[in-house]
Amino acid sequence: MTWSLPEPMLAAPVDNPALPAGWAAEPKWDGYRAQLAVHTGGRVLLRSRQGTDMTGSFPEIRAAALAQLPEDTGLDGELVVWEGERLAFERLQQRLARRGKGAREAAGQWPAHYVAFDLAHVGGADLTGWAYRRRRAALEELFAERGLAAPLTLCPSTTDPAVAEQWLAWTAAGLEGLCFKRLDEPYRPVRSWKKYKVRVTTEAIVGAVTGSLAAPRTLLLGRYDRAGRLQYTGRSTTLSQTAGRTLAHLLTPAPPSAHPWNGWTFSAGWGTQRSLDVHLVQPDVVMEVAVDVARDAAGRWRHPARPHRVRTDLNPAHVPLFGE
């Protein structure tokens, strides 16, 4: 009997980290969403949320699936790579483009783990119509009975609000927040899971803008490193028209030759090749922003920061150092 992986169930963002009654919480990892299937005859498929076949890029996950999982098993989970003291999303990005010998070498240098958080198919049975609590019990049973081991990992799950709150302290290791799943809900291709991302309020220096100096659209933010050099730390979300007009009165155009970012190229987004058209400004305006905890290896914010207000009371020299 043939079967295929279901379309992935998705999550909608929420601002409240409290675990609701009747729901379970799981850690939200700084990784790459992936579904994993082992079919009859030894065929393995590791695919992204968008449906991209990633099996060839992660040979260690394919080998573990063949060695440890029974045929006709379909999992949902997260690919992660651990480097140093935290998860390294950028290593996953680098590995996606590698195949064959390059993929095998990358597996030795930056080994991946597959953190399973759902079970969609097992032993010829389609589990997508089961409630989450029943699928979760079957997933735990699969790990226990088969003795599944690294690089296959069982994602923690809890219905205890105190435990979920404790997980929010794992941000230094690469936890982005929490994912909430209703206990009685089947697995469906809808956005009815919830996700909470940890955000912190901090300060950064405006070094450039997109749009125009009269009506800035987004801000390119920076911080000084220990050597006194202004380093790019991330981009802001789109400013409202009111916020843009207010900020425009505070910005001073910078002669390119005198700006520390002269000649730099800025990407329009994480993982994209398109560059931004920017206007350099004197780095003397400090913004208070809210950012989530996802960073790349260089310490730059992976996701846009939300501007809160201009800090006219704060000297740029007193902004936290780059990477801190």
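Would you kindly work out the equivalent ellipsoid of the range 74-230 from its C-alpha gyration tensor and give its semi-axes, the square roots of five times the eigenvalues, largest first in whole Å?
Working: eigenvalues 266, 104, 56 Å².
The answer is 36, 23, 17 Å, longest axis first.
Enumerate the whole-percent occupancy of each 10 Å bin, from 0 to the last occupied one, for all C-alpha pair distances of the range 146-282.
Going out from 0 Å in 10 Å bins, the range 146-282 shows 9, 27, 25, 19, 15, 5, 0 percent.
Rounded, prolate or oblate: pick one for the range 1-123, where a ≥ b ≥ c are the square roots of the eigenvalues of its C-alpha gyration tensor, a/c under 1.5 means rounded, and failing that, prolate if a/b is larger than b/c, else oblate. Don't jump to the answer; show the numbers that get you there.
On the way: a/c = 2.07, a/b = 1.15, b/c = 1.79.
It is oblate, given that a/c is not under 1.5 and a/b is not larger than b/c.
Would you calculate the volume per residue, in Å³, of the smallest convex hull containing every Cα atom of the range 62-117? The partial results should precede the final answer.
On the way: hull volume 5.8 nm³, N = 56.
Convex hull of Cα atoms, per residue: 103 Å³.
Return the whole-Å distance between the Cα centroid of the range 92-161 and the Cα centroid of the range 292-324.
Here the two parts' Cα centres lie 34 Å apart.
With a cut-off of at most 14 other beta carbons within 10 Å, and DSSP calling the residue loop, which trypsin sites (Lys or Arg not before Pro) in the range 197-303 qualify? Please list them. Intermediate results must be reported in sequence, preceding the final value.
Numbers: sites: LYS197, ARG199, ARG217, ARG223, ARG226, ARG229, ARG235, ARG245, ARG274, ARG295, ARG300, ARG302; in loops: ARG226, ARG229, ARG274, ARG300, ARG302.
Qualifying residues, ordered by number: ARG226, ARG229, ARG274.
Please identify every one of the GluC sites (Glu not before Pro) in the range 54-90 that sits in a loop by DSSP and has no more than 10 other beta carbons within 10 Å of its own beta carbon. Intermediate values should be presented prior to the final figure.
Details: sites: GLU60, GLU71, GLU78, GLU83, GLU85, GLU90; in loops: GLU71, GLU85.
Filter output for the range 54-90: GLU85.
Debye calculation, C-alpha points only, no solvent: report log10 I(q)/I(0) for the range 187-255 at q = 0.16 Å⁻¹, in the same order as the q values.
Cα-only, vacuum Debye calculation for the range 187-255: -0.68.
If you take the square roots of the eigenvalues of the alpha-carbon gyration tensor of the range 70-167 and sort them as a ≥ b ≥ c, do you get rounded (a/c under 1.5), prolate (a/b over b/c) or oblate?
Values: a/c = 2.44, a/b = 1.41, b/c = 1.73.
Judged from the Cα gyration tensor, the range 70-167 comes out oblate (a/c at least 1.5, b/c at or above a/b).
Binning at 10 Å from 0, report for the range 205-323 what percent of all alpha-carbon pair distances ends up in each bin.
14, 50, 34, 2
Rounded to whole Å and ordered largest first, report the semi-axes of the equivalent ellipsoid of the chain derived from its Cα gyration tensor (root of 5λ). It would help to have the intermediate numbers written out before the result.
On the way: eigenvalues 351, 98, 55 Å².
Largest first, the chain gives 42, 22, 17 Å.
Rg and Dmax of the range 98-141, Cα atoms, in Å?
In order Rg, Dmax, the Cα atoms of the range 98-141 give 15.9, 42 Å.
Can you list the lysines whose alpha carbon is less than 22 Å from that of LYS195, not counting same-chain residues fewer than 8 positions off?
List returned: LYS28, LYS181.
Using a 1.4 Å probe on the protein heavy atoms only, what accessible surface does SER240 show? Give it in Å² to the nearest 10.
70 Å²
Out of the trypsin sites (Lys or Arg not before Pro) in the range 6-94, which ones are loop residues according to DSSP with at most 15 other C-beta atoms within 10 Å?
Values: sites: LYS28, ARG33, ARG43, ARG47, ARG49, ARG62, ARG86, ARG91; in loops: ARG49.
Those that pass, being in a loop and sparsely packed, are ARG49.
Is there a quick way to get the dipole size of the chain? I mean about its Cα centre, with the Cβ of Lys and Arg at +1 and of Asp and Glu at -1; what is the value in debye to the nearest 20? Spell out each step's value before the answer.
Working: 39 positive and 33 negative charges, 152 e Å.
Dipole size: approximately 740 debye.
Taking the dipole about the Cα centre of the chain, with the C-beta of Lys and Arg at +1 and of Asp and Glu at -1, give me whichever of ALA67, PHE143, LEU10 is farthest to the positive side.
My answer, from the dipole projection, is LEU10.
Tell me the per residue accessible area of the chain using a 1.4 Å probe; a whole number in Å² is fine. Please report the intermediate quantities before stating the final value.
On the way: 15450 Å² over 324 residues.
For the chain, the solvent-accessible area averages 48 Å² per residue.
Which angle between 0 and 90 degrees, to the nearest 10, do you get for helix 59-68 versus the longest principal axis of the chain when only C-alpha atoms count?
Long axis of 59-68 versus the principal axis of the chain: about 30 degrees.
The values are calculated or read from the model by the stated rules, or taken from the named source; none is laboratory data. Please read these numbers as outputs of a predicted model, since none were measured by experiment. Quick reminder, even Gly has a Cβ in these numbers, built from the backbone with ideal geometry, and neighbours come from all protein chains shown. Surface accessibility is based on the protein's heavy atoms, side chains included, excluding ligands, DNA and RNA. Shrake-Rupley method; radii C 1.70, N 1.55, O 1.52, S 1.80 Å.
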